[in-house]
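Q: Structure incoming, see below.
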Amino acid sequence: MTNTGDSDGQNLLGHVLVPVANEADALATARTLEPYDPERVTALHVVEKGEGVPDKTPVEQSEELAAESYAAVRTVFPDAGDHTAYARDVAGAIFDAVDEVDATAIAYRSRGGNRLFRFLSGDISLELVTESHVPVVALPRDGSPD
């Protein structure tokens, strides 16, 4: 696939930041992204920190989950970088990571869920596509393992 550049002459898929939640999500996302042939990939795992409230999972467990996720991405993109963020605001952490790794775009697969779940948990997908300062590529879910 031929990549198109943005208005600054930068390749849209020159350096793609790929947020991943777990090993299965990471593998499915990497496989779905592969046909688009990005030049460079950095996988991102956000460890949700409580900021005054209890953490969802112990940090050590979250870091292990991140390592497994990065390994899954590297089965498809062997040279993929990795970046771990610690934050309560997942979308904000993704936007910060874009700048920290100098990504040209964010590519992700929606994790699904019904409308009520998305409403109660906050729809990160909506925030990504409406608030991002770089292009966001929403990858298709069909045909990818879950």
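Q: Taking θ as phi - 60°, what are the ³J(HN,Hα) couplings along the range 76-86 by the Karplus curve (6.51, -1.76, 1.60), each to the nearest whole Hz, with x for Gly and Pro?
A: My calculation for the range 76-86 gives 9, 10, x, 9, 4, x, 9, 8, 10, 10, 10 Hz in order.
Q: Check residue 12: other-chain or 5+ apart residues with amide H under 5 Å from its amide H, H built from backbone geometry?
A: 4, 5, 6
Q: Multiply the residue gap between residue 133 and residue 24 by 0.36 nm, knock off their C-alpha separation, and tell me the result in nm, one decimal place. Each step should come with its number before you reach the end.
A: Working: separation 109, 0.36 × 109 = 39.24 nm, distance 2.77 nm.
Taking 0.36 nm per residue and subtracting the Cα distance, the gain is 36.5 nm.
Q: I've got another one for you. Would you grab the residues whose amide H sits under 5 Å from the one on residue 137? Only those 5+ places off in sequence or on another chain, please, with H modelled 1.01 Å from N.
A: Those lying under 5 Å, H to H, from residue 137 are 106, 107, 108.
Q: Could you compute the FRET efficiency for residue 126 and residue 67, with r as their C-beta to C-beta distance and R0 at 30 Å, rounded to 0.05? Before the final figure, lay out each step's value.
A: Numbers: r = 29 Å, r/R0 = 0.97.
My answer for the efficiency is 0.55.
Q: In addition: Return the long-range amide H neighbours of residue 41 (sequence gap of 5 or more, or a different chain), with a cut-off of under 5 Å between placed amide H atoms.
A: For residue 41, whose amide H was placed from the backbone, the distant partners under 5 Å are 16, 81.
Read the figures in this text as sums done on the coordinates, not as results from a lab. For clarity, every value in this text was computed on a predicted model and none was experimentally measured. Methodologically, a virtual Cβ is constructed for each residue, glycine included, from the backbone with ideal geometry; neighbour enumeration extends over all protein chains shown.
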